[in-house]
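Data block below; observations after.
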Amino acid sequence: ATANIGVVGLAVMGSNLARNLASREGNTVAVFNRSRAKTDDLVAEHPEAGFVPSFSYEEFAASLQKPRTAIIMVKAGAGTDAVIDELVRVFEPGDIIVDGGNALFTDTIRREKAVRETGINFVGMGVSGGEEGALHGPSLMPGGSDESWVTLGPILRTIAAVAEGEPCVTHIGHDGAGHFVKMVHNGIEYADMQLIAEAYDLIRRGTGKSPAEIADVFAEWNHGELESYLIEITAEVLRQVDAETGKPLVDVIVDQAGAKGTGAWTVQTALDLGVPVSGIAEATFARSLSSHPEQREVSGSLPGPLESLTVDDADAFIEDVRLALFASKIVAYSQGFDEIRAGAAQYGWDIDLGAVSKIWRAGCIIRAQFLNRIADAYAQTPDLAVLLTAPYFVEALERAQGSWRRIVATAATGGIPSPAFSSSLAYYDGLRAERLPAALIQGQRDFFGAHTYKRIDRPGTFHTLWSADRTEVEAEDTH
Ligand code: NDP
């Protein structure tokens, strides 16, 4: 046994992660893939890595020092279960199996429980940053037991991205915690991308600027409080010219957004937990709406506003859009962190939200300066109930809200869809409201279903005898 770490699954993610591991001092990396060709190719193309290849699970286990540690990077779902079964067969108690695929956290909880019964440790680990991240430094979100973290932590710290001197990896919590946090990361990514897309659309339709000119706007924004990887690549995409037609590439790309499902998982889970992640939900639904051409065939037959959007002062308008984007982004992140808090409470994970924001500062798709402000907020108040109530964000929202309201109003009167901007503002105003019309909903629920209500002026649970004399009676609390 010569290797201290192994990788199973040598498609693009697995082979890049294996190369990253092999490039770090002290690591010898065992590699295995179901079909032989990928292993042969990787070993032949990267002799410098000193990989220890194997062609059966028995050989793979024999090539690893104890406790054996293997990272699985295969197609999520049945492929992961098949590989886990094989590794459990050839590994021993105390060994560590890490699933770095995009597993649903409830699958990870199930797998961890089953594998733990054999005495083997199972770690579900979120990996963010795509192919490049896997090769040069991803953001890593491992769950699993404290025992496995002792062995795994030092290895993962060597391959993770580095932000301000700190590796972008932390032990998130037990069993499915890592994959849960990765899921919410992706949900926030959906929201951030949708907000940026709405900002681009408003500037383009409002000012008539070309994609290349709007690329300059985004490049400039990337020097300020919006500085982030997504803003940076937005400028690159907008600047790209199609070689074939000479048009901006963005005008040649079909306007139907794809999705691999993690945004939907974030929203489904939030619905189960009762957490309002409206920005993430609108972003997910916006992709769905875009990708239904048969429904969008009605375009042109549905009446819109009589006058199209006109903007007198382009610079002022663009600054309003920037601030609306910043405010909506604060809401999206706040909602995502709320979901993590709620998930931690539901599943019994002790998640350090400040540490989560720090490991997202590099390596992953939502990496941004802004995450330092989130880390600061949790450092000041670790049990902050709503992230956007931290002083820095309150100040930013105060500064942005005039612009935010103008932009949402302008979009509505101009007939420009801005689901993420407007739902974020509605959420913010919902939080602010002293009284919500939820009181009326409780009245309606009591009317048709005797669901009861509480009163503002005394304790207890009440029901109005709606179909009798409409007097109020004390009732059992049934909600
Ligand atoms: P794919 O998701 O395309 O999976 C291909 C790999 O899975 C191959 O090595 C394949 O082996 C193996 N595989 C599939 N089914 C089985 C099985 N039943 N038994 C054994 N091996 C099996 O590869 P990627 O590299 O794109 O992704 C790997 C994982 O990383 C996925 O879970 C993905 O969701 C996740 N991920 C991907 C990111 C990305 O940006 N691409 C980012 C973060 C995570 P064979 O060669 O024999 O077919």
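Key figures
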item	result
Loop-located GluC sites (Glu not before Pro) in the range 1-68, at most 11 other Cβ atoms within 10 Å (DSSP)	Glu25
For the range 298-373: Kirkwood Rh in Å [reciprocal of mean 1/r, alpha carbons]	16.1 Å
For the range 349-439, the fraction of alpha-carbon pairs in successive 10 Å shells from zero, as %	14, 34, 35, 15, 1
Helix 391-414 vs. the chain, principal-axis angle (Cα, 0 to 90°, nearest 10)	60 degrees
Å² per residue, accessible surface of the range 416-457 at 1.4 Å	63 Å²
Value in Å of the Kirkwood radius, where the range 143-291 supplies the Cα pairs that are averaged	18.0 Å
For Leu230, net neighbour charge (Lys/Arg +1, Asp/Glu -1) across residues whose Cβ lies under 9 Å away	-2
5 Å binning of all Cα-Cα separations within the range 159-226, expressed as whole percents from 0 upward	3, 13, 14, 16, 16, 12, 11, 9, 5, 2, 0
Over 29 Å between alpha carbons, listed pairs Lys209/Lys358; Lys75/Lys329; Lys38/Lys66	Lys209/Lys358; Lys75/Lys329
Rounded if a/c under 1.5, otherwise prolate or oblate - the range 357-408, Cα gyration tensor axes	oblate
Cα-based equivalent ellipsoid of the chain: semi-axis lengths in Å, sorted from largest, via gyration tensor	43, 32, 20
Equivalent ellipsoid, the range 96-228 (semi-axes from 5 times Cα gyration tensor eigenvalues, Å)	38, 17, 10
0 to 90° range, to nearest 10: angle between helix 78-90 axis and the chain longest Cα axis	30 degrees
Length gained when the stretch Ala1-Arg405 is fully extended (0.36 nm per residue, less Cα-Cα span)	139.1 nm
Nearest-10 value in Å² for the accessible area of Glu398, using the 1.4 Å probe	130 Å²
Zone residues, the range 412-436, relative to Val394, backbone N less than 18 Å from point 7 Å out along Cα-to-Cβ	428-435
Percent carbon-and-sulfur accessible area, the chain, ignoring ligands, DNA and RNA, probe 1.4 Å	53 percent
Accessible surface, the range 219-264, averaged per residue in Å² (probe 1.4 Å)	63 Å²
Per-residue ³J(HN,Hα) for the range 149-156, Karplus 6.51 cos²θ - 1.76 cosθ + 1.60, θ = phi - 60°, Hz, x for Gly and Pro	5, 4, 7, 6, x, x, 5, 5
Rounded, prolate or oblate (a/c below 1.5 giving rounded, otherwise prolate when a/b exceeds b/c) for the range 278-329 by Cα gyration tensor	oblate
Gap separating the Cα centres of the range 59-88 and the range 142-191, nearest whole Å	19 Å
Mean residue ellipticity (222 nm) of the chain, computed from DSSP H runs ≥ 4 via -39,500 (n - 2.57), nearest 500	-17500 deg cm²/dmol
Rounded, prolate or oblate (a/c below 1.5 giving rounded, otherwise prolate when a/b exceeds b/c) for the range 1-98 by Cα gyration tensor	oblate
With Cα atoms, 0 to 90° folded angle of helix 105-116 axis to the chain main axis	30 degrees
Translational diffusion of the range 34-82, µm² s⁻¹ [Kirkwood Rh, Cα pairs; Stokes-Einstein; 4 °C; 1.567 mPa s]	105 µm²/s
Per-pair calculated FRET efficiency, R0 = 45 Å: Arg89 and Ala426 via Cβ, rounded to 0.05	0.25
Distance histogram for the range 19-60 (every C-alpha pair counted, 5 angstrom bins, percent rounded to whole numbers)	5, 26, 32, 22, 13, 2
Net lengthening on full extension, Asp216/Arg435 (0.36 nm per residue, minus Cα-Cα)	74.5 nm
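The values are calculated or read from the model by the stated rules, or taken from the named source; none is laboratory data. The structure presented is a predicted model; accordingly, all values stated were derived computationally and were not measured. Ideal geometry is used to build each Cβ from the backbone, glycine not excepted, and the neighbour counts take in all protein chains shown. For the accessible areas, the whole protein counts, side chains as well, though only heavy atoms, and no ligand, DNA or RNA atoms are used. Shrake-Rupley method; radii C 1.70, N 1.55, O 1.52, S 1.80 Å.
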